[in-house]
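What follows is a short report on a single structure.
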Amino acid sequence: MKRKRFIFIFLAALLFAATPASAQEEHGFKKFNVVEDFADNGFQWFRDAQLLAAGDKEKSNAMTIGWGSVGMLWQRPTLTVYVAEKRYTKEFMDKSEYFTVMSFDVENSKVLTYMGTKSGRDGDKAQALGLHTAYTSNGTPYYTEATMVIECKTMYAAPFAPEGFKSDVPKNMYNHFPAGVHSMYMGEVVNAWKK
């Protein structure tokens, strides 16, 4: 009986050792805990611009975002992002259960510029930039050139209701904003990796 148990444990250890690394580890990412190890200033992080991606292995799209928030909601680490009504990425956000938010280093700042000025309706932006698309275990797209990837599961999504605007700031914004009113997507952080 002891011999059989030893053989089982030995085979299990071999199987574990032979299990390939996750796609993230293969691309130089290490998993981290956002609650304990997210060191960026939440106010500055979105101001510096990030990349938002949604979709699946069949089709996906990404766009540059400069609005968002990090924090806790419903006892969960949460990322909130905003996507305007006429943005192509909104279609993917509305259909997808998960989304990713990615950071890029200064050397890849052209990625954020291009992704923020071109539409995925006109062609594959990732391909045009030479980015390599990979997928999390949940099938969420991300780019291997990113320096940080945060994967979120959408918990709440809704467009802003203009009747709820209580100051002139949003009223004036949308009077001169051709992309339409933004929708809010609150996502529970389910995975996070950085290089």
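No value in this document is a laboratory result; all are computed from the given coordinates. This one's a predicted model, so the numbers in the text were calculated from it and none came from an experiment. Quick reminder, even Gly has a Cβ in these numbers, built from the backbone with ideal geometry, and neighbours come from all protein chains shown.
Scattering from the chain was approximated by placing one identical point on each alpha carbon and applying the Debye formula without solvent; log10 I(q)/I(0) at 0.10, 0.14 1/Å stands at -0.46, -0.82.
Comparing Cα centroids, the stretch 113-190 and the stretch 25-85 end up 10 angstrom apart. Database remark: amide H of Val190 closer than 5 angstrom to the amide H of Glu151, Cys152, Lys153 (H placed geometrically; neighbours at sequence offset of 5 or more, or on other chains; Pro and chain starts carry no H). The length gained on full extension between Glu25 and Asn175, counted as 0.36 nm times the residue separation minus their Cα-Cα distance, comes to 49.4 nm. Protection proxy ranking of 96-107, 57-68, by the mean of other Cβ atoms within 10 Å over each peptide's residues and highest first, is 96-107, 57-68. Using only the C-alpha atoms, the convex hull of the stretch 58-149 corresponds to 118 Å³ per residue.
Net length available on complete extension from Glu58 to Arg76 is 3.5 nm, with 0.36 nm assigned per residue and the Cα-Cα distance removed.
Within a straight-line Cα-Cα reach of under 21 Å, Lys125 can be paired with the following lysines, leaving aside sequence neighbours fewer than 8 residues apart in one chain: Lys57, Lys59, Lys86, Lys90, Lys95, Lys110. Computed from label points 7 Å out along Cα-Cβ, the spacing between Lys195 and Val106 is 1.6 nm.
Packing order of peptides 158-164, 177-183, highest average first: 177-183, 158-164 (average count of other Cβ atoms within 10 Å over each peptide's residues).
Subtracting the Cα-Cα distance of Ser119 and Glu91 from their residue separation scaled by 0.36 nm leaves 8.8 nm.
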